[in-house]
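Heads up: the structure comes next, in structure tokens.
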Amino acid sequence: MTIPLDEAQVTVSAAQLRAVRDEMQRFLLEYRFGMQEIETKISILREEFQQMHDYNPIEHVSSRVKSPDSLVEKVGRKGIDPGFSSIRAHITDIAGVRVTCSFTADAYRLFDLLTQQDDVTVREVKDYIATPKANGYKSLHAIVEVPVFLSTGPVRVPVEVQFRTIAMDFWASLEHKIYYKYARQVPNRLIDDLKEAADTAAALDERMERLHRELHGPSGPTLRI
């Protein structure tokens, strides 16, 4: 038996839903602005390299802010209180920027150039280049905070920044597609093949970096910052 809702109940429910939607949009907007701050900093470095130096370590940059559905799914998976203050405290990868570099040394160099800026605060670093994950994943992850100046005042927003080489990025993209296709239930033979591919990608990075050093010298090209 269906119990009809009167017009007042429907109106209140719709208003509440709109209020929740608007609050979520405001919440995610801060992270979008924080992401854009990092993108601007990387863009400035990239343009300076292109204009002033004979070498640019940045191949390409991508970014994203988690969708509301993705954020809700992660909150539920981690058992986090769904309040915005709790989400802000416990989830630090709502906004993300990925910087793909030419060589491993460039990943560390760009990390230094970004995090040495006065308004950037480093909250956490996970160096999966020096210590890869068991499956072969390699990348340098940093959670940084940047100030975002709103009409209501400044807020500090965490942004996850990943630095990786072209080979690392290619492998990670392939691994993500395979895990998505198999709903994370990947056959063991493919897991073994992925690990072997990760080792091959790492060997390629080492070989290309060695050739790079032979071309530019042991210290690499000079980047006057």
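Computed from the coordinates by the stated procedures, all read-outs in this text should not be read as laboratory data. Quick caveat: nothing in here was measured; it's all calculated off a predicted structure. Backbone-built Cβ (ideal geometry, glycine too); neighbour counts: all protein chains shown.
Brief remarks on what is shown
- Residue within segment 143-162 that is closer than 30 Å to ASP118 by Cβ, in a helix (DSSP H, G or I) and touching an Asp or Glu at 6+ places or on another chain (Cβ under 8 Å) present: no
- Condition met for ALA172 (in contact (Cβ under 8 Å) with a residue 60 or more places away in the chain, of a type in the set (Gly, Ala, Ser) and on the phi < 0 side of the Ramachandran plot): no
- Positions within segment 54-77 being closer than 20 Å to ILE91 by Cα and either in contact with a helix residue (DSSP H, G or I) (Cβ under 8 Å, 6 or more places away or on another chain) or of a type in the set (Lys, Arg) (or both), in sequence order: SER63, ARG64, VAL65, LYS66, PRO68, LEU71, LYS74, VAL75, ARG77
- Scanning segment 65-111 for residues that are under 18 Å from MET168 (Cβ atoms) and basic (Lys, Arg) returns ARG98, ARG109.
- A residue that is touching a residue at least 60 places away in the same chain (Cβ under 8 Å) and touching a Lys or Arg at 6+ places or on another chain (Cβ under 7 Å) occurs nowhere in segment 120-131.
- Filtered residues of segment 103-119 (kept if touching a Pro at 6+ places or on another chain (Cβ under 8 Å), closer than 18 Å to GLU39 by Cα and in contact (Cβ under 8 Å) with a residue 60 or more places away in the chain): ARG109, LEU110
- Hits in segment 58-109 (condition: closer than 26 Å to ILE42 by Cα and among the basic types (Lys, Arg)): ARG64, LYS66, ARG88, ARG98, ARG109
- Residue that is farthest from SER63 (Cα to Cα), among those in segment 151-192 that are surrounded by fewer than 20 Cβ atoms within 10 Å (Cβ to Cβ) and polar (S, T, N, Q): ASN188
- The set of residues from segment 98-128 being aromatic (Phe, Trp, Tyr), assigned to a helix (DSSP H, G or I) and over 14 Å from the mean Cα position of the chain (by Cα) comprises just one member, TYR108.
- Of all residues in segment 132-142, those being assigned to a loop (DSSP other than H, G, I, E, B) and closer than 14 Å to MET168 by Cβ number 7.
- Test: SER70 is part of a helix (DSSP H, G or I), within 30 Å of ASP193 (Cβ to Cβ) and out of contact with any Cys (no Cβ under 8 Å at 6 or more places or on another chain): yes
- In segment 198-215, the residues that are among the small types (Gly, Ala, Ser) and surrounded by 13 or more Cβ atoms within 10 Å (Cβ to Cβ): ALA198, ALA201, ALA202
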